[in-house]
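Visitor: Here it is, the structure, as structure tokens.
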Amino acid sequence: MDPTSVIGTKNKKGQVFTDPRIMMREAPRTPSFYTGSEVIKEAIRRASIDVMIAYPITPQSEAAALIGELFAEGYIGDYFRGESEFAVMSQCAGAAFGGARVFTTTAGPGTMRAMENFPMWAGARLPIQCIVTCRGINSPLSIQPDTIEISYLMQTGMLVWHAETAQDFYDWILMGYMVSEEPEVHLPLALCCDGFFVTHTKDVVDLTPTDMCLPPYDPYRSPVPCMDMECPPVRMMRDPFIMKSNYISYATHASWQQEVWAAAERSRKHTIAWLNGLIETEDVDADVLIVTSGTAVSQGREAIRLLADEGIRVGLVKIKTLRPWPEEELKEATKHATHIIVPEFNVIGWMAKEIKATIPRSERVIAGPRVCGGMTMPPEIIVEEIKRALGVRSGTLAGRG
Amino acid sequence: MSKERIKISPDLYDIMPSDYQDLVSSATYGKEDRGWKDIGTSKELIEQHSLCAGCPESMAFRYILASLPNPEDTVMVGSTGCTSLVFPMVAVHNIHSLFGNQNAIASGLKRALSVRFPDRVKDVVVLAGDGATVDIGLDMTLQAWFRQEKFTTICFDNELYANTGGQESGLMQKGFVAKMAPVGKLFDKVRLPEIARESGCHYVVNCTVSKPSLVEKVVRNAVLIAREIGPTYLQLYTPCILEIGKNSMEGLQEMRDSEKPTERFAFKEYISEPAKQLLAERDAKAKEKKAAAKQLVS
């Protein structure tokens, strides 16, 4: 089936399958005051999802349950609660192997429990979308926001995007399927956000019309066969590669892995078109730049405002996609900067490490401030970091109460 | 799909691999009464395998593939192990993803196929070893049964981890000395057929694959009941002759010895009440058809 052939027709809920470019860019938007979890529901209402599989874990449980309501209303083909994140991600894989458009959500320890599945998704070229509402994975147990799980996801072969706001979330869920399902991409997407900060806060989000939805997924545009016995079967290979210890086997595995990463590279042009670039910049001719992703960007914006009051000009680079990594864009955006401040919500500073490995003169990168374990990041600590870098004296933050 | 769907363009016929030509000309897709007797006269859905010489698992594979009632619309799910050496050479769509997640994959797959093809029969059959089914994947095996997922689970029970070199498994007999059971296994063979019954399976069989006609019967029953009612489970003894110290030609005898009435693979079958009714209706229809054909001849 050619998905364009259904454009203009209605689904069983009366929504019109709409050209995604018209739906996302031209259709009227309605400002709505919703929590991040409700925004996920509203995006999924318009995403023509065949199968959603849910499992409770804070802070994604509300979104996962709200999508159950969509199933009860008839917007989703099938929905059930799996028994663990490992099982859920395998169930998602089974559904995607069978040609369904699949959606799921997870967080923190759930991401880690499911981890074996993610490289398998990428290797099997399954364009599943998984919302990751990041939270701590450490022991002692924490349910609070922390982005450390993203650093693991970045090595799986999946596309990894990091939303700053609920508006990003809304748009990127829908655009994410368009990028993921491109035949030359056909990879899973981990769409990450900072748990609680985005999921449990209310924000005004401009929604597309309720009566418009994405065209359905066409599994026959996949670069690998859909497992539905609708196309002629034949044995898939002469020898299984798994047990062969020879050069051909190694070369096959190597080229397959390289192809997964090449597919992620090929997603660039589609992502740039949909997201209007892999990064977003403001005042990059300033001496000092804040470069980060997620809600650390929002805190950076506040810090920039505070510093502007004191006459210190700071620019901003918001990184939207972590895979593919915006290497050239970052080199270009940071070329004038003398100090590159990287605020992060995790203990290891994976973002700063990535940036250091990307740009020339990496000593310009200041890997902080960093908070973790659920701490908030007051803009003042970003201000403090910048002033320290510039050699500007400032009052101590300690003892503020 | 049916055989009609795999016709080769005449212009391309001569460049197609011979096994594909054979699949088109003499496989049994769409044949209503296909079964183990087709072996030797029709193209099998398994092209070849790289299992050990005389491996009972290879026999089981051939009997099962010959017996699937609807291979043209069947998708199989495997797991890691010796079965994953065979599946790439099977002419039925099949999925290998991870070790132990086969019943989770099958759950998602069956639901996707039901959403995409609401008016057609699409059977899903899981085929995995005992390590995958009972040890690492037990949670997902049971949960699929609790949820009444409509697919068949077949376990090739060789009572150990064969592919990794003969380590202890949950289905191993108590006392057996193996790798990772250096003083002999300390606990009993897991009673999965009984657990399957209690977990909601509508058809459970425990047997060996010494008799192809029996394999055909239980596979057909299991797939039909899973399609119409709910989960079904077959536990088939496929001894790993290598790891139990037997020769290539001794696999069949090992199975015959193990299926004696007092042995652990004596034929056991559980059929739920709705499944009994379904099988009775099927048998009545077959009888009716046979009688009508007989009348036509006379």
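Visitor: Determine the dipole magnitude for chain A: charges of +1 sit on the beta-carbon of Lys and Arg, -1 on that of Asp and Glu, nothing else is charged, the reference point is the Cα centre, and the result goes in debye to the nearest 20. Could you put the intermediate results ahead of the total?
Guide: Values: 39 positive and 49 negative charges, 97 e Å.
Rounded to the nearest 20 debye, it is 460 debye.
Visitor: What do you get for the angle between helix A:36-45 and the principal long axis of chain A? Use alpha-carbon atoms, 0 to 90 degrees, nearest ten.
Guide: So the inclination is approximately 30 degrees.
Visitor: Let me ask something else about it. When the convex hull of the Cα atoms of the protein assembly as shown is projected onto a plane and the area is averaged over all directions, what value comes out in nm²?
Guide: Projected area, direction-averaged: 37.4 nm².
Visitor: So, counting K/R as plus one and D/E as minus one, what does the shell of residues with Cβ under 14 Å around B:Tyr270 add up to?
Guide: Net charge in that neighbourhood comes out at 0.
Visitor: Next question. Averaging sequence separations of C-alpha pairs under 8 Å and six or more residues apart, then dividing by the length of region A:7-221, give the relative contact order as a whole percent.
Guide: 31 percent
Visitor: Among the listed pairs B:Lys211/B:Lys246; B:Lys122/B:Lys185; B:Lys185/B:Lys246; B:Lys7/B:Lys37; B:Lys122/B:Lys179; B:Lys217/B:Lys289, which have their C-alpha atoms separated by more than 29 angstrom in this model?
Guide: Values: B:Lys211/B:Lys246 20 Å; B:Lys122/B:Lys185 41 Å; B:Lys185/B:Lys246 20 Å; B:Lys7/B:Lys37 24 Å; B:Lys122/B:Lys179 40 Å; B:Lys217/B:Lys289 19 Å.
In this structure, B:Lys122/B:Lys185; B:Lys122/B:Lys179 exceed 29 Å between Cα atoms.
Visitor: Quick one: which of B:220-231, B:25-36 comes out on top by average Cβ neighbours within 10 Å, and what's the full order, highest first?
Guide: Highest to lowest by the protection proxy: B:220-231, B:25-36.
Visitor: Kindly provide log₁₀ I(q)/I(0) values, in the same order as q = 0.09, 0.12 Å⁻¹, from the Debye equation applied to equal alpha-carbon scatterers of chain B.
Guide: Here the Debye-derived log intensity ratios amount to -0.44, -0.79.
Visitor: A follow-up question, please. Return a whole-number percent for the relative contact order of region B:35-297, with Cα pairs under 8 Å and 6 or more residues apart as the contact set.
Guide: The value is 19 percent.
Visitor: Separate question: Helix A:61-73 versus the longest principal axis of chain A: what is the Cα-based angle in degrees, 0 to 90, to the nearest 10?
Guide: 40 degrees
Visitor: Enter the angle in degrees (range 0 to 90, nearest 10) between the Cα long axis of helix A:166-180 and the first principal axis of the Cα atoms of chain A, meaning the one along which they spread out most.
Guide: For A:166-180 against chain A, the angle is about 40 degrees.
Visitor: Restricting to bridges with both residues inside chain A, how much of the DSSP beta-bridge set is antiparallel, in percent to the nearest 5?
Guide: 30 percent
Visitor: So what J values fall out for region A:267-274 if you push phi through Karplus, 6.51 cos²θ - 1.76 cosθ + 1.60 with θ = phi - 60°, rounded to Hz, Gly and Pro as x?
Guide: So the Karplus estimates, Gly and Pro as x, are 6, 3, 5, 5, 5, 4, 5, 6 Hz.
Visitor: With the dipole of chain A worked out from charges on the C-beta (+1 for Lys and Arg, -1 for Asp and Glu) around the Cα centre, which of A:Ile150, A:Val314, A:Tyr177 lies farthest toward the positive end?
Guide: Positive-end residue among those listed: A:Ile150.
Visitor: Taking the Cα centre of region A:51-124 as origin, sum charge times position over the Cβ atoms of Lys and Arg (+1) and Asp and Glu (-1), and report the length of that vector in debye to the nearest 20.
Guide: In debye, rounded to 20, region A:51-124 gives about 160.
Visitor: I would also like to ask the following. Would you mind calculating the relative contact order of region B:161-298 from Cα pairs under 8 angstrom and at least 6 residues apart, reporting the percent as a whole number?
Guide: Values: 172 pairs, mean separation 29.7, N = 138.
Result for region B:161-298 is 22 percent.
Visitor: Name the residue from A:Val198, A:Ile248, A:Val284 whose Cα lies farthest towards the positive end of the charge dipole of region A:184-333, charges +1 on Cβ of Lys and Arg and -1 on Cβ of Asp and Glu.
Guide: Looking along the dipole axis, the top candidate is A:Ile248.
Visitor: Please report the antiparallel percentage of DSSP beta bridges with both residues in the protein assembly as shown, rounded to the nearest 5.
Guide: That works out to approximately 25 percent antiparallel.
Visitor: I would also like to ask the following. For A:Val347, what charge total do you get from the other residues with a beta carbon under 14 Å from its beta carbon, if Lys and Arg give +1 and Asp and Glu give -1? Each step should come with its number before you reach the end.
Guide: Details: positive: A:Arg135, A:Lys353, A:Arg370; negative: A:Asp146, A:Glu149, A:Glu344.
Within the 14 Å Cβ shell, the charges total 0.
Visitor: Further question: Work from the charge dipole of the protein assembly as shown (Cβ charges, +1 for Lys and Arg, -1 for Asp and Glu, about the Cα centre) and give the residue of B:Thr262, B:Ser107, A:Ile366 farthest towards its positive end.
Guide: Projecting each Cα onto the dipole axis, the largest value belongs to B:Thr262.
Visitor: Hey, another quick one. Explain nothing, just the number: dipole magnitude of the protein assembly as shown about its Cα centre with +1 on each Lys and Arg Cβ and -1 on each Asp and Glu Cβ, in debye rounded to the nearest 20.
Guide: For the protein assembly as shown, the charge dipole is close to 1100 debye.
Visitor: Return the long-range amide H neighbours of A:Met212 (sequence gap of 5 or more, or a different chain), with a cut-off of under 5 Å between placed amide H atoms.
Guide: Amide H neighbours of A:Met212: A:Val16.
Visitor: Percent antiparallel among DSSP beta bridges with both residues in chain B, to the nearest 5?
Guide: Numbers: 7 of 33 bridges.
Once the DSSP bridges in chain B are tallied, antiparallel ones form about 20 percent.
Values in this text are rule-based calculations from the coordinates and carry no lab data. Predicted model only: the values in this text are computed from it and were never measured. All Cβ positions, glycine included, derive from the backbone under ideal geometry; neighbour counts span all protein chains shown.
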